[in-house]
Structure formats: structure tokens, C-alpha cells
1. Can you give the local net charge around T32? Use residues other than it whose beta-carbon is closer than 13 angstrom to its beta-carbon, Lys and Arg +1, Asp and Glu -1.
2. Please give the net charge around M64, taking every other residue with its beta carbon less than 9 angstrom from that of M64, where Lys and Arg add +1 and Asp and Glu add -1.
3. Shape of region 22-96 from its Cα gyration tensor (a ≥ b ≥ c, root eigenvalues): rounded if a/c is under 1.5, otherwise prolate when a/b > b/c, or oblate?
4. Calculate, in nm to one decimal, what E63 and E21 gain on full extension: separation in residues at 0.36 nm each, minus their alpha carbon distance.
5. In nm, to one decimal, how far is the M1 label point from the T29 one, both placed 7 Å along Cα→Cβ?
6. Want the number for V90 to S11: 0.36 nm per residue separation, take away the alpha-carbon distance, what's left?
7. Which value in deg cm²/dmol, rounded to the nearest 500, describes the helix-derived mean residue ellipticity at 222 nm for the chain, given -39,500 (n - 2.57) per DSSP H run of n ≥ 4 and division by the residue count?
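We did not get these values from a lab; they are worked out from the coordinates using the rules stated. Model, not experiment: these values are computed from the prediction. Positions of Cβ are backbone-derived with ideal geometry, glycine not excepted, and every protein chain shown enters the neighbour counts.
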Amino acid sequence: MRLLFIICDASADARVMGLLEKLEVPGYTRFTGAIGNGTRGRREGTPIWPGLNSMVMTCVPEEMVAGVLEALNRLSAERQGRLALKVFSVPAEQFE
């Protein structure tokens, strides 16, 4: 299993969620209204630092990772690389 952290511009939130649903990821947790600072600049939802981020965490089987990454890369390409979108991955274990 892999835990994917998907951080995107809030304006792309619906598209990212649509991709994950289409790929039938087994579940997710979404955080909206996230603020931060990164390679695309500050996002604090203020007049000085406009914009917000969304973060989605999803735990998927290893065999699904490539499909999720491919779909997100296509979304980024549609926006000609101007979309704030990052994916981080770590191994995951599920405990009952």
C-alpha cells in the first residue's frame, strides 16, 4: 500500500476528486482551505497572498499508484504546467 499526499490549487480540487473517483480509489481524506508556501509561491487566502490549496490523502494498492500519477500528470499537462499540483508518496500499513 502507498499513502499519496496530493496537494493542489483549490481551483483544481473538483477535477482531482473526479479523477480519483473515476479511478475508483478505495477512499480518501480531503482537507480544503489549506495555506502554505512552496515552489508556486505563498497561498494564504489573503489579498496579498491570494489562493488556497487542497490536500487529499489516499491509501492505494501499489498497482494503482501508476494510474493515479498518470491521471494527475495529464491534468497538469492540460494546464500547461501552470497548475500547482504536487504528489508525495510513502509506504503505508493499515492497522485494524
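1. So the environment of T32 carries a net charge of 0.
2. Result for the local shell: -2.
3. Oblate, because a/c is 1.5 or more while a/b does not exceed b/c.
4. Gain on extension, E63 to E21, equals 13.5 nm.
5. My value for the distance between the label points is 1.2 nm.
6. 25.9 nm
7. After summing the helix terms and dividing by residue count, I get -9000 deg cm²/dmol.
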